Amino acid sequence: MSNKNWSQITAVYFDIRMVRIFLLGIISGFPWVLIGSSLSLWLKEDGLSRSTIGWAGLIFGVYAINFLWAPLIDRLRVPFLTSFLGHRRGWIIVAQLIIVVCLLFWSILNPTEQLWLVIGVGLVIAIASATQDITIDALRIEQIEQHETLSMAAGAAIAVVGWWTGYKVGGIVALFTADFFQKAGYQNYWQISFVLLCLVVVLCSMGLLFVKEKTANDRIKSQLESEESVKRNLSSFGNLA
């Protein structure tokens, strides 16, 4: 491979759009810490059985069916937020707000006495996270034009790196704060940790401001161009047949 090709490949990763895609990946990956390792450890350290923790893990099933309400999210406007931030970012902020409220709700619950309420709140977090994934994926795709095949491949890789960064960094913050307050003698150390994790969600929301979103007119124009491209490809295939 020539030096020119290597420089072209390397330059793709220094595109500002890759930073935006990275930020979107972090936002997408962070909630998995809450309903995954954090919830599991919280329940385990409160003395709940492994089978109970296993049943709690079923809330991840929400991610497999978020396509059911994806068309609704694509069409419904969020009052004020849509006009101020854009359609995609508006929905992400709504999901982030729901996650923050749920974390604050977790901070006043006791799993031993209110297990099903704890799991119910976890389910709401999963639904909010799965919903924001719908808009995050759409927003990520819109960052790169259809003809930029090299950037598409790089964007897919960066999205994965961002997701794991959000998951791992979120896990470090959750476990560090829980361990710190446990050693400090607090009985409700996980609840305190959840309150502090709200700050991470807020930081993610602030990072969202650096991600540009297409206007409705630009989105319609891109969609029409995509449809025309598909029609041309189909007609070419028909001529070959």
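The values are calculated or read from the model by the stated rules, or taken from the named source; none is laboratory data. Predicted, not measured: the structure shown is a model, and the values here were computed from it. Quick reminder, even Gly has a Cβ in these numbers, built from the backbone with ideal geometry, and neighbours come from all protein chains shown.
Within segment 37-65, the set of residues being closer than 18 Å to Trp106 by Cβ and of a type in the set (Val, Ile, Thr) comprises Thr52, Ile53, Ile59, Val62. In segment 161-174, the count of residues that are at pLDDT 85 or above, among the hydroxyl-bearing types (Ser, Thr, Tyr) and out of contact with any Pro (no Cβ under 6 Å at 6 or more places or on another chain) is one or more. For Phe210, the criteria (1) of a type in the set (Phe, Trp, Tyr); (2) surrounded by fewer than 15 Cβ atoms within 10 Å (Cβ to Cβ); (3) modelled with pLDDT of 90 or more hold in every case but one, which is (3).
I'm trying to understand the selection: among the residues of segment 41-68, which are of a type outside the set (A, V, I, L, M, F, W, C) and part of a helix (DSSP H, G or I)?
Our first condition is that a residue be of a type outside the set (A, V, I, L, M, F, W, C); within segment 41-68, this holds for 44-47, 49-52, 54, 57, 61, 63, 66.
Residues satisfying the conditions are Lys44, Glu45, Arg50, Ser51, Thr52, Gly54, Gly57, Gly61, Tyr63, Asn66.
Scanning segment 105-146 for residues that are farther than 21 Å from Arg20 by Cβ and among the polar types (S, T, N, Q) yields Ser107, Asn110, Thr112, Gln114.
Identify all residues within segment 120-149 that are among the β-branched types (Val, Ile, Thr) and part of a helix (DSSP H, G or I); write none if there are none.
Start the filter on segment 120-149 by keeping residues that are among the β-branched types (Val, Ile, Thr), which leaves 121, 124-125, 127, 131, 134-136, 141, 144, 149.
Correct list: Val121, Val124, Ile125, Ile127, Thr131, Ile134, Thr135, Ile136, Ile141, Thr149.
The C-beta contact set for segment 184-200 (first residue touching a residue at least 12 places away in the same chain (Cβ under 8 Å), second residue assigned to a loop (DSSP other than H, G, I, E, B) and crowded, with 17+ Cβ neighbours inside 10 Å, distance under 7 angstrom, 6+ apart or interchain) comprises Gln191/Ser107; Phe194/Ser107; Val195/Ser107.
Applying the set (1) part of a helix (DSSP H, G or I); (2) modelled with pLDDT under 95; (3) surrounded by 17 or more Cβ atoms within 10 Å (Cβ to Cβ) to Pro71 leaves exactly one unmet item: (3).
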